[in-house]
Structure formats: structure tokens, C-alpha cells
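Let me begin by presenting the structure, written as C-alpha cells, before commenting on it.
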Amino acid sequence: MVALSACSAADTKSSGSADEVTISVPSWVGARANAEVAKVLLEDEVGVKKVELKQLDEPIAWDALNNGKADAILEDWDGQPKKQELYIDQKKTVVKGGDLGVTGHIGWYVPKYYADKHPEILDYKNLNKFAKDFKSDRSGGKGEFIGAAPSYTTYDAHLIKNLKLNFKIKDTGSEAVQIKEIQRKYADKEPFITYWWEPLWANADMDMVEVKLPEFKEGCNEPETKTECGYANTPLQKYFNADFAKDGGDAAKFLKNFKWTTEQQNEVAMSIAKDKMSGEAAAKKWVKENKDVWESWIPKK
């Protein structure tokens with residue numbers, strides 16, 4: 001809520017809610033689905049005059065929450081522990097907004113058609129035996145590992161080094177480019193190994209199998225450079241600017257109440273990414289068909 005850092009809460013409220021709300025949106029489609037649905041409901045049902053969706057990478061989004069340039073993050077993957085400690089524990093400028101309702105998981109995945117032929121691939125200890133199957137003209141004789149977008153939480157470079165794996169990461173640049181490449185390889189039945197995650201709308205069309213990495217234990221990825229373990233299961237969290245959480249009225253209450261399932265998020269994300277609907281159109285379609293889900297999110301008058 002941009003104005004709150006400079007104005008009193010009363011100046012920015014209308015009918016018990018904020019006049020303007022700014023939601024930070026990460027670059028992945030699932031997170032956009034959260035924000036698009038929240039925007040439609042805030043404007044049409046809660047009475048907020050304007051909701052701005054601002055695409056920001058995770059570190060910048062946390063800084064924006066701290067300085068009041070953003071009011072809310074609706075999907076955080078716990079990838080910024082230092083900023084959480086600074087802004088939540090020390091400065092107290094950011095507060096927790098509750099569970100999104102979706103559990104995220106990152107891992108290394110191969111297509112099922114390849115895993116069925118080579119079941120040993122599903123243990124990281126055997127990856128070097130199969131590295132030759134993943135070579136490309138860019139991987140320098142090593143297996144090619146298809147990497148994540150640069151802004152995503154990833155320990156893959158450290159894992160490859162620390163587990164002594166004969167692989168080289170291919171930078172994809174963005175979620176859209178990575179998914180497009182995976183879809184092409186999958187359609188051609190090519191072998192590949194990639195950073196992959198849940199929830200993800202594309203999983204509805206592709207059967208992927210996770211490679212078992214060393215078990216995640218609390219603190220096993222600290223410091224990052226020493227990481228030798230896989231990724232955690234992460235209940236995705238919402239975070240709010242502290243002033244917005246306190247003075248944001250019904251808008252803040254609504255965002256705190258906002259909670260849905262992986263399937264519901266994927267439904268909207270698929271409308272955006274696969275069916276090529278605008279974010280607004282996808283959100284309005286879902287809102288029209290799911291009043292029984294979102295009705296309880298609207299604060300009582």
C-alpha cells in the first residue's frame with residue numbers, strides 16, 4: 001500500500017479498506033495466478049479502488065515490503081532467510097501473513113519415459129553413470145542440467161560441485177524459456193534432467209519423476225556453498241508490510257484470509273500460460289466459477 005508510509009492510515013482508507021494496494025509478483029506463473037485473483041476480488045468485492053501488481057524478483061520484493069513500496073507478497077518460497085531475519089526479527093517492518101495453502105517443492109526431475117528405461121537414474125549416486133545421455137554441444141563433454149530462471153531459489157551449482165557430479169548447468173534465463181525447452185524435449189522423447197517444481201501447471205501434461213537427492217535436514221543448506229542436500233517441502237507463505245497489516249483494513253484482512261489449493265492455483269495458471277488468457281480474464285473466469293471457495297475470504301461488514 002504505497003501511500004501508507006507517507007500518509008496516515010485514515011487518509012488511505014475508504015469504507016474500511018485501503019484505497020490502493022500494491023502486490024509484489026514473482027516471475028513464475030503460479031504466483032501471478034495468486035495475485036491476479038486477489039486483484040479481481042480486492043477491486044470487485046472488497047472495495048479497493050486500485051490494485052497494482054508489480055513484478056519483482058524475490059530479494060527486491062523483500063526490500064519493497066520493508067520500505068513500503070509493496071504491501072504484500074502472496075507466495076514466498078523461504079529463499080531469503082537473511083532478509084527475513086533483518087526485516088521481520090530486527091527491523092519489524094515486515095510481518096507474516098499466513099499460509100497460502102500450497103506446499104512447494106523443488107527437485108531434480110527426469111521424464112518418466114527415461115526413468116522407466118533407466119530406473120537407476122532416480123538415485124543421485126548413479127547420475128554420473130548416465131551423464132553421457134545428457135550431453136549437448138554446449139556442455140563441454142559433461143551432462144547438461146537444465147537450470148532454473150536466475151531469480152529462483154536454487155542450490156544446483158553447489159550440489160553439482162559438492163556431490164562431484166559430472167554435469168554442467170544450462171542457463172535458461174526465464175521460466176517460460178525453461179518450460180518451452182522441456183516441453184520440446186518431452187514431445188521428442190529426448191533424455192533430460194532439470195530443476196523442476198510443484199506446483200506447476202505444466203505438470204498436468206508431462207509425467208516427470210524426481211531424482212532422489214540427499215535428504216533435506218534443517219540447516220543442511222547453510223551456508224549455501226556447502227549444500228549437499230536436496231530441497232525442503234515448503235508450505236508457501238504470505239508476507240505483509242507491517243504498516244499495511246496494521247492499518248490496511250479489509251484489504252489486509254482479505255489477503256490474510258486468501259488461501260487456496262495447488263489444484264486451484266494450477267487451474268488459473270494453466271489458463272494464463274497454456275490457454276493464453278490474460279491474467280485478468282483468467283482470474284475473472286475462476287472467480288465467476290468458484291464463489292463457494294472465495295466467499296469466505298471476504299471480510300464481514
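The values are calculated or read from the model by the stated rules, or taken from the named source; none is laboratory data. Everything numeric here is computed off the predicted structure, so don't read it as measured data. Here the Cβ positions follow ideal geometry from the backbone for every residue, glycine too, while neighbour counts run over all protein chains shown. Note: accessible area is taken over every heavy atom of the protein model, side chains too, but ligands, DNA and RNA are not part of it. Shrake-Rupley method; radii C 1.70, N 1.55, O 1.52, S 1.80 Å.
Sequence gap at least 6, Cα distance under 8 Å: using those rules, report the relative contact order of the chain to the nearest whole percent.
The normalised contact order for the chain reaches 28 percent.
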(request) Keeping every protein chain in place, order Asp171, Asp133 by accessible area at 1.4 Å, biggest value first, i.e. largest first. (result) Asp171, Asp133
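Taking all protein chains in place and a 1.4 Å probe, what share, in percent, of the accessible surface of segment 201-301 do carbon and sulfur account for?
On the way: 2550 of 5430 Å².
Summing carbon and sulfur atoms, their accessible area is 47 percent of the total for segment 201-301.
Mind jotting down a quarter of the surface of the convex hull over the alpha carbons of the chain, in square nanometres, one decimal? It would help to have the intermediate numbers written out before the result.
On the way: hull surface 63.6 nm².
If you wrap the Cα atoms of the chain in a convex hull and average its projections, you get 15.9 nm².
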(message) Can you return the aspartates and glutamates within cross-link range of Lys276? Criterion is Cα-Cα under 19 Å, with same-chain partners fewer than 8 residues away left out.
(response) Glu36, Glu175, Glu181, Asp205, Glu263, Glu267, Glu289
(request) Report, by chain and number, residues whose modeled amide H sits under 5 Å from the one on Lys212, excluding near sequence neighbours (fewer than 5 apart, same chain). (result) Asp123, Tyr124
(message) Only Cα pairs within less than 10 Å get springs; with that Gaussian network setup on the chain, which residue of Gln183, Gln265, Gln90 has the largest fluctuation?
(response) Gln90
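In this model, which of Lys83/Lys161; Lys83/Lys238; Lys39/Lys285 are farther than 20 Å apart at the alpha-carbon? Working shown, then result.
Details: Lys83/Lys161 26 Å; Lys83/Lys238 15 Å; Lys39/Lys285 13 Å.
Those over the limit are Lys83/Lys161.
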(request) Taking the Cα atoms of segment 129-225, report the difference between the largest and smallest coordinate on each principal axis, in whole Å and largest first. (result) 38, 32, 24
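When ligands, DNA and RNA are left out and all protein chains stay put, how many square angstrom of accessible area per residue does the chain have with a 1.4 Å probe?
Details: 14310 Å² over 301 residues.
Per residue, the chain has an accessible area of 48 Å².
Could you tell me the convex hull volume per residue, in Å³, taken over the Cα atoms of segment 140-291?
Working: hull volume 24.0 nm³, N = 152.
So the per-residue hull volume is 158 Å³.
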(request) Starting from 0 in steps of 5 Å, tell me what percent of the Cα-Cα pairs of segment 17-168 lands in each bin. (result) 2, 8, 14, 16, 14, 11, 10, 9, 8, 5, 3, 1
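Kyte-Doolittle cut-off 1.0, length cut-off 27 Å along the helix's own axis using Cα: show which whole DSSP H helices in the chain pass. List each step's numbers first, then the result.
Values: long enough: none.
Correct list, ordered by number: empty.
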(request) Taking 7 Å along the Cα-to-C-beta vector as the label spot, tell me the Glu228-Thr93 distance in nanometres, rounded to one decimal. (result) 3.8
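Please compute the Kirkwood hydrodynamic radius over segment 208-296, one decimal place, Å, based on all pairs of different Cα atoms. Working shown, then result.
Working: mean 1/r = 0.0598 Å⁻¹.
About 16.7 Å, per the Kirkwood formula over Cα pairs.
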(request) Project the alpha carbons of segment 87-169 onto their principal axes and report the range along each, largest first, in whole Å. (result) 50, 27, 21
(message) Under 10 °C and 1.306 mPa s, how fast does segment 29-102 diffuse according to Stokes-Einstein, given a Kirkwood radius computed over C-alpha pairs? Answer in µm²/s, whole number.
(response) 120
(message) Could you work out what % of the accessible surface of segment 50-99 is carbon and sulfur, using a 1.4 angstrom probe and leaving DNA, RNA and ligands out of the count?
(response) 48
(request) Kindly provide the helix-only [θ] at 222 nm of the chain, computed as the sum of -39,500 (n - 2.57) over DSSP H runs of four or more divided by all residues, to the nearest 500 deg cm²/dmol? (result) -9000 deg cm²/dmol
(message) Pick from Tyr109, Tyr231, Tyr124 the residue whose mean-square fluctuation is largest in a GNM of the chain, springs joining Cα atoms under 10 Å.
(response) Tyr124
(request) Tabulate in residue order the Karplus-calculated ³J(HN,Hα) for segment 194-209, using 6.51 cos²θ - 1.76 cosθ + 1.60 with θ = phi - 60°, rounded to whole Hz; enter x for Gly and Pro. (result) 8, 5, 8, 7, 10, x, 7, 4, 5, 5, 5, 10, 9, 9, 10, 10
(message) How large is the accessible surface of Ile73 in square angstrom, using a 1.4 angstrom probe and rounding to the nearest 10?
(response) 10
